[in-house]
Every structure is written in structure tokens, then in C-alpha cells.
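Student: Take a look at this one; I'll ask things after.
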Amino acid sequence: MIFNNVNFDTYFKNYPTEDGFFGKYGGCYISPELQTAMKEITHAYNTICKSRKFIDELRRIRREFQGRPTPISHLQRLSDSIGTGVQLYAKREDLNHSGAHKLNHCMGEALLAKYMGKKKVIAETGAGQHGVALATAAAYFGLECDIYMGKVDIEKQAPNVARMKILGAKVVEVTDGLQTLKEAVDAAFAAYAKEYKDAIYCIGSVLGPHPFPLMVRDFQSVVGIEAREQFVDMTGELPDAIVACVGGGSNAMGMFAGFLNDPVDIYGIEPLGRGTALGDHAASLKYGTEGIMHGFNSIMLKDENGEPAPVYSVASGLDYPSSGPEHAFLHDLGRVKYDVINDEETIDAFFTLSRLEGIIPAIESSHAVAYGIKLAQTMKKGSVLINLSGRGDKDMDYVIEKYGIR
Ligand SMILES: *Cc1c(COP(=O)(O)O)cnc(C)c1O
């Protein structure tokens, strides 16, 4: 399929380019020491991860430890409640071990660390979800795990901090600046620059310098590849539309990877939070402009000084002031349509899916559910497949305290 001069038959061969570009987005904008480390990871990725042995081991782990393939569920009662005849389906990443899609790339990254002979994995975490997924992978492979986390986030995310510690990870408190995610990223990169001979950095989404956007997409593409095959088996055809929420963009990119070359409408949903004013949302692709942060060029939300702007969303996994470079590319190309869902719509969808289907979704995933429902209301027939990126157990106390039972 050719779309806006891009041939999607050969898309994965051509994007990213050898130096990590999706059009003008991506690249590797970091210090010379870290360039060396990234070159080592790129080389290892291109050789080790393409080997039969690595692929077979990762497949076995996905089956025996992660519980893959995760199913697709037909959301019958939700579809009936909409009444247009449009059928909704969910890809159940909430049933992936540890309750979300993040383990898909963490197991890949940690297996690569093992094959490279590294002893340690290093990462930052904001809300703690990436830290928990990486601590899970590190425990499985017997790797040390240092998770850098701002002091403010440590206090806010006590259950995830406890999980990381139970899994054997070291949670390193970062007390610089505002003591949140940005400072944690800087501290983790600084530690990595010192330790890269024995450690690898594991990024939590399709973000950061090359090769991470490529590597994380490829590890997450298991979601889209499984989903396409399962959906065709179940219904005899492709879905008319697929929907996923976009923070950094890893669950979305994984899902989209299975369908980019198909006649399927693709929607990436960003958080509109409390509204359109800067600081009230994290819809970077919708409201941002081109810029470089955290080692890559993409579309980002900037403050008056051109620095990453403060962002907000009810879903802590979506409040990042940029998105992966491949999303910026697909956005400009028009292959994926990016739209927004606000906090209120999200919480409604959280309760609707729980009540009608017996599935409590993560607040992040509830953005995709809300959009899938809206879409089904405007379509006359057909089907919509939603990527349910994670389960909502982590969010229940917060939702009840802030919104009550609806
Ligand atoms: C972290 C997280 C997200 C957002 O990350 P992406 O990289 O955009 O996928 C979405 N859903 C859940 C459940 C998460 O934990």
C-alpha cells in the first residue's frame, strides 16, 4: 500500500533509517560518551536480536512466562449498548503478566542485556509502571536493577515503589530540581554514562535516542501481529478501525505495526486532561511543535523558553510532553489520525467498560475505550478494535477517592 509517497510494503525495512530517522524525526542527540554506548546497543540489536536463538528464546518466554498470546475479547454488551450495529473488540494486554503491555519491551531489553553480558539494567520511572515492569524482567533474568525516581514521585507512588523493592530492584531517590520524571531521566542517563560497560539503559517507551524507538517498537509489535491474526480468525476480516492511547506511544506503536499496511483506519488518542490550556493536558501531537528533548527530535509541548512544558493528565502513564518520533512521522504523513479524550470522558469509559464487560481498564487505556465508543457511535457499521493496554487495579483507589462510584 502506498500512502502519501511512503510505500508501506517495505515500511519496516526503510523506517527508521540506519541512523534512526523517521523522516526528520528521531535521531540520536546525546553526549559523545553516550553515543558510544548507543552504538554498542545498536550493533547488538542488529546482530543478537535478529539471531534464531534470541528470537526463539523470547518466543518461549512470551508463551511460558508472560502468558502470550493475550486474547481478543468481543465486547458484546458494550456494542449492544451503543446500538449502531458497530462491533467493538479489545486486545487484552491487561492480561499480559504484570498487567500491562510494558513487559513486552522490558523482557526484550533485559534478554538483550543478558546476551550482551551486562550485569545490570538502569531506567528512570515517573508513575512507576516502567520501573515495575523492568524490575520484573530483571528478577526473571537475575540482573541487578537500578530505578531512578524523583522524590516527589516516590512519595506519590508508594505501591509501585513497594513492588519494585519486593522484586529486588534498587529505587534511587532523585532530589534535584522538581524531583520528578525529568530529573529522574537526567540522573539515570548520568549513571548510565558512568556504568555502560556493565549496564544497559532500558527506555520505557518508543522514545529516546536511536536505537530505542526502533527496538521498543519491534518488541511491542508482538501485540499488533497477534491481534491481526486473531481478529481475522475470529471474524474472517480485518477491523475497520483500531484505537490505542498514546503517552510515549509504545502500546500504540506495537498495535499499529500489525496494521500499517492494511486498509484500516488507525487512531492514536492523547490525553486532553482538564482542557486545551498549556499545562492542562499532554496532547503533544495535537498541540505541540517540532523540537529536541531527551535525545530525539519529535513533536513536543514547549514552555515560553522552548523547554519541555509542564503537562497534566488523570492518567499518570500518559503525562509526557512529547511522543515517540515514529508517531510524529505518522502524524505528519496522515497515516494515523491523532485525536484527544479528556479526563471526564475517560472516567466515564472506565466505569462503562467495568459495568458492561467485567473488565476494569487502566485509566490510560480508558482513553482508547472512550474514543472507541465515540467512533462506534458515528459509524454505521463495521468493527473497532481497541488496544486495552493495561488493567485498572492500580487506579481503583484513586478513581474512587477523586470521582466516587458512578
Ligand atoms: C505506561 C502505560 C501507557 C502509556 O505508555 P505508552 O508508551 O504510550 O504505551 C499506556 N497504558 C498503560 C496501561 C501504561 O502502563
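Every number here is computed from the coordinates shown, using simple stated rules; none is lab data. Since the structure is predicted, the reported quantities are computational estimates derived from the model, not experimental observations. Because the Cβ atoms are built from the backbone with ideal geometry, glycine has one as well, and the counts that use them run over all protein chains shown.
Student: Taking the beta-carbon count within 10 Å as an exposure proxy, list Val86, Val172, Val246, Val369 from fewest neighbours to most.
Tutor: Neighbour counts put them in this order, fewest first: Val172, Val86, Val369, Val246.
Student: Compare the Cα positions of Asn251, Gln230, Ile266 along the charge dipole of segment 225-272 (+1 at Cβ of Lys, Arg; -1 at Cβ of Asp, Glu; about the Cα centre) and return the one farthest towards the positive end.
Tutor: Asn251
Student: Can you tell me which of 251-262, 299-310, 214-225 comes out highest on packing, and rank the rest after it, using the mean Cβ neighbours within 10 Å?
Tutor: By packing density, highest mean first, the sequence is 251-262, 214-225, 299-310.
Student: With the dipole of the chain worked out from charges on the C-beta (+1 for Lys and Arg, -1 for Asp and Glu) around the Cα centre, which of Leu353, His130, Phe141 lies farthest toward the positive end?
Tutor: Sorting the options by dipole projection puts first Phe141.
Student: Something else about it: Taking just the alpha carbons, could you work out the radius of gyration and Dmax for the chain, both in angstroms?
Tutor: 19.7, 59
Student: With only alpha-carbon atoms in the gyration tensor, what are the semi-axes of the equivalent ellipsoid for segment 344-406, in Å, largest first?
Tutor: Computed over segment 344-406, the values are 22, 12, 9 Å.
Student: Right, something else. Can you tell me what share of the DSSP beta bridges in segment 160-312 is antiparallel? A percent to the nearest 5 is fine.
Tutor: Beta bridges within segment 160-312, antiparallel portion: roughly 55 percent.
Student: Which value, in debye to the nearest 20, gives the size of the charge dipole of segment 1-61 about its Cα centre, when Lys and Arg are +1 and Asp and Glu are -1 at the Cβ?
Tutor: 260 debye
Student: Take every Cα pair under 8 Å in the chain that's 6+ residues apart, average their separations, divide by the length, and report that relative contact order as a whole percent.
Tutor: 20 percent
Student: So, one more: Could you run the Debye sum over the Cα atoms of segment 243-380, one equal point scatterer each and no solvent, and tell me log10 of I(q)/I(0) at q = 0.11, 0.16, 0.18, 0.19 Å⁻¹, two decimals?
Tutor: Rounded to two decimals, the profile gives -0.38, -0.79, -0.97, -1.07.
Student: May I ask you to list the trypsin sites (Lys or Arg not before Pro) in segment 342-400 that are in a DSSP loop and have at most 13 other Cβ atoms within 10 Å of their Cβ?
Tutor: The qualifying sites are Lys380, Lys381.
Student: Do any GluC sites (Glu not before Pro) in segment 13-77 lie in a loop, going by DSSP, with at most 13 other beta-carbon atoms within 10 Å of their beta carbon, and if so which?
Tutor: Within segment 13-77, the qualifying GluC sites (Glu not before Pro) (loop, at most 13 other Cβ atoms within 10 Å) are Glu18.
Student: Report ³J(HN,Hα) in whole Hz for each residue of segment 395-406, in order, from the Karplus equation J = 6.51 cos²θ - 1.76 cosθ + 1.60 where θ = phi - 60°; Gly and Pro get x.
Tutor: 9, 4, 4, 4, 5, 5, 5, 7, 10, x, 8, 9
Student: When the Cα atoms of segment 1-112 are enclosed in a convex hull and the volume is divided per residue, what value in Å³ results?
Tutor: Per-residue hull volume (Cα only) is 185 Å³.
Student: Could you go through segment 355-368 in sequence order and give the Karplus-derived ³J(HN,Hα) for each residue, using 6.51 cos²θ - 1.76 cosθ + 1.60 with θ = phi - 60°, rounded to whole Hz, and x for Gly and Pro?
Tutor: Going residue by residue, I get 5, 8, 10, x, 10, 8, x, 4, 5, 4, 4, 4, 4, 5 Hz, with x marking Gly and Pro.
Student: Taking every pair of alpha-carbon atoms in segment 81-217, give the share separated by more than 21 Å as a whole percent.
Tutor: 41 percent
Student: With a 10 Å cut-off between alpha carbons and a GNM built on the chain, which of Gly177, Gly317, Gly150 moves the most?
Tutor: Gly177
Student: With a Förster radius of 41 Å, plug the Cβ-Cβ distance of Ala162 and Thr36 into 1/(1 + (r/R0)^6) and report the FRET value to the nearest 0.05.
Tutor: Efficiency at R0 = 41 Å is approximately 0.70.
Student: Using Cα pairs closer than 8 Å and at least 6 residues apart in sequence, work out the relative contact order for segment 13-159, in percent.
Tutor: 15 percent
Student: Now a separate question. When only Cα pairs under 8 Å and 6 or more residues apart are kept, what is the percent relative contact order across segment 313-393?
Tutor: RCO, segment 313-393: 28 percent.
Student: Then there's this: If segment 154-282 were replaced by its equivalent ellipsoid, with semi-axes equal to the square roots of 5 times the Cα gyration tensor eigenvalues, what would those be, largest first, whole Å?
Tutor: 33, 20, 15
Student: In the chain, what percentage of the DSSP-assigned beta bridges are antiparallel, given to the nearest 5?
Tutor: Looking only at bridges with both residues in the chain, the antiparallel portion is about 35 percent.
Student: Can I ask one more? Counting only helical runs of four or more DSSP H residues, what would the 222 nm mean residue ellipticity of the chain come to if each run contributes -39,500 (n - 2.57) and the total is spread over all its residues?
Tutor: Using -39500 (n - 2.57) per qualifying helix, the result is -13500 deg cm²/dmol.
Student: How far is it, in nm, from the label point at Ile2 to the one at Asp332 when both lie 7 Å from their Cα along the line to the Cβ?
Tutor: Placing both labels 7 Å beyond Cα along the Cβ direction yields 2.1 nm.
Student: Amide H to amide H under 5 Å from Phe3: which residues, 5+ apart in sequence or cross-chain, H placed 1.01 Å off N in plane?
Tutor: Close amide H contacts, sequence-distant or interchain: Phe8.
Student: In debye, nearest 20: dipole of segment 1-143 around its Cα centre with unit charges on the Cβ of K, R (+) and D, E (-)?
Tutor: 460 debye
Student: Sticking with this structure for a sec: Rounded to a whole number, what is D in µm²/s for segment 159-207 from Stokes-Einstein with the Kirkwood radius over alpha-carbon pairs (25 °C, 0.890 mPa s)?
Tutor: So the translational diffusion coefficient is about 200 µm²/s.
Student: On to the next question. At what distance in angstrom do the alpha carbon centres of segment 197-270 and segment 60-96 lie from each other?
Tutor: Distance between centres, Cα-based: 15 Å.
Student: Please list, in order, the residues from segment 158-201 whose amide nitrogen is less than 19 Å from a point placed 7 Å along the Cα→Cβ vector of Asn305.
Tutor: 175-187
Student: Quick check for me: using +1 on Lys/Arg Cβ and -1 on Asp/Glu Cβ, what's the dipole size of the chain about its Cα centre, in debye to the nearest 20?
Tutor: That gives a dipole near 1060 debye.
Student: Out of residues 5 or more away from Gln87 or on other chains, whose amide H comes under 5 Å of its own, with H placed 1.01 Å from N in the peptide plane?
Tutor: Counting only residues 5 or more places away or on other chains, the set is Gly382, Ser383, Val384.
Student: How big is the shadow of the Cα convex hull of segment 280-326, averaged over all directions, in nm²?
Tutor: 3.2 nm²
Student: Would you please state which residues of segment 356-383 a label at Gln76 would reach in this model, taking the label point 7 Å out along Cα→Cβ and a backbone N cut-off of under 17 Å?
Tutor: Label zone hits: 356-359.
Student: Output wanted: per-residue J couplings in Hz (rounded whole) for segment 122-135, from phi through Karplus 6.51 cos²θ - 1.76 cosθ + 1.60, θ = phi - 60°, x for Gly and Pro.
Tutor: Working through the residues one at a time gives 10, 7, 9, 8, x, 6, x, 5, 5, x, 5, 4, 5, 4 Hz.
Student: Related question: List the GluC sites (Glu not before Pro) in segment 219-268 that DSSP assigns to loop (not H, G, I, E or B) and whose Cβ has at most 10 other Cβ atoms within 10 Å. Which are they?
Tutor: In loop regions of segment 219-268 (DSSP not H, G, I, E or B), the sparsely surrounded GluC sites (Glu not before Pro) are Glu237.
Student: Something else: Would you calculate the separation in nanometres between label points at Ile405 and Met116, each defined as 7 Å from the Cα along the Cα-to-beta-carbon direction?
Tutor: 4.9 nm
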